[in-house]
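Here's the structure we're looking at; comments come further down.
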Amino acid sequence: MTKKLFDEHENIYQIAVINIRLNELQKKGAALQKIGKPTKNGTKMTFAPVQRPGECEAEMQQILEDGKKLGLEFGKKEE
């Protein structure tokens, strides 16, 4: 997640950010608080624990909207 990746393949960079956000929300119950600009050393992302169910839903909705802008499709996994 470096500046080089952002400059050369911004779409892949944005998809990776969405994947990280979704993973943090599902596994740790944390929502993105702040994302820094990409540098040659990487991108700093800050997450905070979700305090209320409404915050979790709002973060999930934002992730879905950001993904749709990139052409991603989300669906339910059947087991």
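The values are calculated or read from the model by the stated rules, or taken from the named source; none is laboratory data. The structure presented is a predicted model; accordingly, all values stated were derived computationally and were not measured. Ideal geometry is used to build each Cβ from the backbone, glycine not excepted, and the neighbour counts take in all protein chains shown. For the accessible areas, the whole protein counts, side chains as well, though only heavy atoms, and no ligand, DNA or RNA atoms are used. Shrake-Rupley method; radii C 1.70, N 1.55, O 1.52, S 1.80 Å.
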* Mind checking which pairs have a first residue in the stretch 56-79 that is polar (S, T, N, Q) and a second that is open to solvent by less than 50 Å² (accessible area, probe 1.4 Å), Cβ under 7 Å, 6 or more apart or different chains? -> none
* **Enumeration of residues in the stretch 25-37 that are surrounded by fewer than 17 Cβ atoms within 10 Å (Cβ to Cβ) and outside any strand (DSSP E or B)** => GLN26, LYS27, LYS28, GLY29, GLY36, LYS37
* To do: Scan the stretch 1-21 for residues that are under 17 Å from LEU64 (Cα atoms) and buried (at least 17 other Cβ atoms within 10 Å of the Cβ) and jot them down.
  => TYR13, VAL17, ILE18, ARG21
* To do: Examine the stretch 20-30 for a residue that is among the charged types (D, E, K, R) and in contact with a Pro (Cβ under 7 Å, 6 or more places away or on another chain), and state whether such a residue exists.
  => no
* To do: Have a look at ILE20, ILE15 and point out the one that is out of contact with any helix residue (DSSP H, G or I) (no Cβ under 9 Å at 6 or more places or on another chain) and not in a loop (DSSP other than H, G, I, E, B).
  => ILE20
* Structure fact -> Scanning the stretch 57-79 residue by residue, the ones that are modelled with pLDDT of 85 or more and either open to solvent by less than 50 Å² (accessible area, probe 1.4 Å) or part of a loop (DSSP other than H, G, I, E, B) (or both) total 7
* Pick from the stretch 38-55, criterion assigned to a loop (DSSP other than H, G, I, E, B) and touching a residue at least 12 places away in the same chain (Cβ under 8 Å), ranking: most open to solvent (accessible area, probe 1.4 Å) -> LYS40
